[in-house]
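S.K.: Sharing a structure below in structure tokens format, with a few things to ask.
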Amino acid sequence: MKAGMKNEENRTRKALRNILWNYGNQFLTLLLSFASRTVFIWTFGVEYLGLNGIFSDVLGMLSLTDLGLNSAMVYSFYAPLAHRDRTKLAALVGFYRKIYLGIALGVFLLGLCLIPVLPHLLHTERAIPHLTLYYLFALANVASSYLFVYKTSMLTADQKGYIFTRVSMLVNMAKVLAQVVCMLVFANYVLYLALDLAGNLLTNAVASWQTGRLYPFLRERAVLAEKDRMEIWRTIFSGSVYKISSVLLNATDNILISVLVSTAAVGIYSNYLLIQTKATMLYSILFTSITASIGNLIVQAAAKERFQVFRVEQMVSSLICLIFIPEYVLLVDDFIGLWLGDAYILPKAVVFAIGLNMYLSCILQPLWSYREATGLYRRTKYMMLLCAFLNLLLSVWLGLRWGIFGILLASGLSRLLTYVWYEPYLLFESYFGARPTRYYLGLARDFVLIALWSAVLYGILSAFAVQSWIAWGAKAAAVLVLSAAFSLAVHRRVSDFHLLTNRFRAILASKKAGER
């Protein structure tokens, strides 16, 4: 009993440390991103911003070559870390090192093959010079990232991801400051890309060096057993289908917007996407930071405890979503208008479509943390593939009719029709021994509440014009306070809310007892 409590406290302490460092990193990155984006638009214009978005999606396609290996790799570390099997860990790292070196080379060669396709993906009023050179810098950035991941993933699996985060914060700050100076003084896009490549290389190299210091036994030569290699390859196959689906689902919007609307539209949408991505990252940190803890929990705990932890996570997600989504939907247009000007504001329907996708990304975070920790993706791979193809068909059809709104709406609809209902079914049946009916009802309830509450606040606040940052801050505070009060009033009657409060009381009591 004492050992179990000690393990739980250890998991909680490590998770909290990761959460705090990740939040610090995201807040710093958020501030630097807005500063860098502002100077970028002043210096290079919206079409180059759209070009960055196209590169991001094209190179996202190349990430298919890792075949979902990263999830399989982190998952394979959990058991030997829990059992302190250093020989097995050294053998795993040596096995993955060879694979990732091959992946880096494969990404670069495949990227070179895509150069003739690039001009056909752009829809600009004027030709962009040196397009191939720009692309080669972006390609080198992606390919080089695979050179270190086989070691730094050990930090993630061992709940020490804060070490990588700490390095990333320092290097990223120096990199962005150098890029801003470069844009203001030289207005040179190649130098901007070169600094980005150098900063990312330095981050990964330093983190890899620190991993070697923490785990010196990884340098030992060890051969992975044949049965372990076969199991990893089976996991990689499942992960590959999942990865293909994920890329087709998430890395095609910018390409479709560029082809069906314009490359400049990609640049305008990318500002909304930047805020959405950073906000969602801040939200997801709560759950991604504890994935390794859940992996440890899966190895050591019974089904009842797993389910109770999941219910606590889901209640946190429900509580915050009712605050988080209205904040974005009601404030993002005013923010863009003050930041960049009214010419950069998209129609409200597009914002609502972004809000739908944002809701699905946020409310499913607890489910996804369990999916990664349990290896559930091995059983959901074909449903994800169906979702990806459905998304492509709906995106083209609705995009031709409604432009950006149709493309983004297609993403939400394809998710709702496939894995949003399928993954909970598998998780509940396989790992919790329970039916997911109440979970489905909770998702539907939260969606209706968020939609209605956002409509109510929009009706109340639309009469107030936001013409200064002070007015925007006042509006943001009003939405935050009202939404938080509404969320607490709604959820405090739900039974899982008491699980959440009891969990917090237990953690506080344990901390006080330790202090005595």
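The values are calculated or read from the model by the stated rules, or taken from the named source; none is laboratory data. The shown structure was predicted, so the numbers you read here are calculated from the model rather than taken from an experiment. Here the Cβ positions follow ideal geometry from the backbone for every residue, glycine too, while neighbour counts run over all protein chains shown.
S.K.: Taking segment 131-154 as the region of interest, how many residues are more than 18 Å from LEU201 (Cβ to Cβ) and within 20 Å of the chain's Cα centre (by Cα)?
M.R.: 1
S.K.: In addition: Is it the case that VAL171 is over 19 Å from the mean Cα position of the chain (by Cα), buried (at least 17 other Cβ atoms within 10 Å of the Cβ) and more than 23 Å from ILE54 (Cβ to Cβ)? Lay out the reasoning, then the answer.
M.R.: Numbers: over 19 Å from the mean Cα position of the chain (by Cα): yes; buried (at least 17 other Cβ atoms within 10 Å of the Cβ): yes; more than 23 Å from ILE54 (Cβ to Cβ): yes.
Judged against the criteria, VAL171 is a match.
Residue-wise test of (1) under 17 Å from LYS278 (Cα atoms); (2) assigned to a helix (DSSP H, G or I).
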site	(1), (2)
ILE320	yes, yes
ASP333	yes, yes
ALA343	no, yes
LEU346	no, no
ILE354	yes, yes
TYR382	no, yes
LEU385	no, yes
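S.K.: Test of understanding: among MET358, MET384, which residue is at negative phi, within 18 Å of the chain's Cα centre (by Cα) and modelled with pLDDT under 90?
M.R.: Values: MET358 fails: modelled with pLDDT under 90.
Residue meeting the stated conditions: MET384.
S.K.: Under 7 Å by Cβ, and 6 or more places apart or on different chains, what pairs join a residue from segment 463-483 that is in the same structural domain as ASP334 (by TED's automatic domain parsing) with one that is part of a loop (DSSP other than H, G, I, E, B) and hydrophobic (A, V, I, L, M, F, W, C)?
M.R.: TRP472/VAL466; LYS475/PHE464; LYS475/VAL466
S.K.: Could you check ALA127 against (1) of a type in the set (Gly, Ala, Ser); (2) free of Cβ contacts under 8 Å to residues at least 12 places away in the same chain; (3) closer than 29 Å to ASN25 by Cα and say which number it fails?
M.R.: For ALA127, the exception is condition (3).
S.K.: Also, quick follow-up: When the residues of segment 183-208 are narrowed to those that are surrounded by 18 or more Cβ atoms within 10 Å (Cβ to Cβ) and aromatic (Phe, Trp, Tyr), which ends up farthest from MET154 (Cα to Cα)?
M.R.: TYR189
S.K.: Being over 26 Å from SER258 (Cβ atoms), among the hydrophobic types (A, V, I, L, M, F, W, C) and more than 21 Å from the chain's Cα centre (by Cα) is true for just one of LEU398, LEU394, LEU426. Which residue is that? So that I can check it myself, show each step before the final result.
M.R.: On the way: LEU398 fails: over 26 Å from SER258 (Cβ atoms); LEU394 fails: over 26 Å from SER258 (Cβ atoms).
Exactly one of LEU398, LEU394, LEU426 is over 26 Å from SER258 (Cβ atoms), among the hydrophobic types (A, V, I, L, M, F, W, C) and more than 21 Å from the chain's Cα centre (by Cα), namely LEU426.
S.K.: Only residues that are among the basic types (Lys, Arg), part of a helix (DSSP H, G or I) and at pLDDT below 85: list them for segment 466-516, please.
M.R.: Taking segment 466-516 and keeping what is among the basic types (Lys, Arg), we get 475, 492-493, 503, 505, 511-512, 516.
Add one more test, that the residue is part of a helix (DSSP H, G or I), and what stays is 475, 503, 505, 511-512.
The answer is ARG503, ARG505, LYS511, LYS512.
S.K.: Picking from ARG401, ARG438, which residue would you name as being at pLDDT 90 or above and of a type in the set (D, E, K, R)?
M.R.: Working: ARG438 fails: at pLDDT 90 or above.
Just one listed residue meets the conditions, ARG401.
S.K.: Can you tell me which residues in segment 444-454 are under 15 Å from GLY355 (Cα atoms) and either in contact with a His (Cβ under 9 Å, 6 or more places away or on another chain) or surrounded by 13 or more Cβ atoms within 10 Å (Cβ to Cβ) (or both)?
M.R.: ASP446, PHE447, LEU449, ILE450, ALA451, TRP453, SER454
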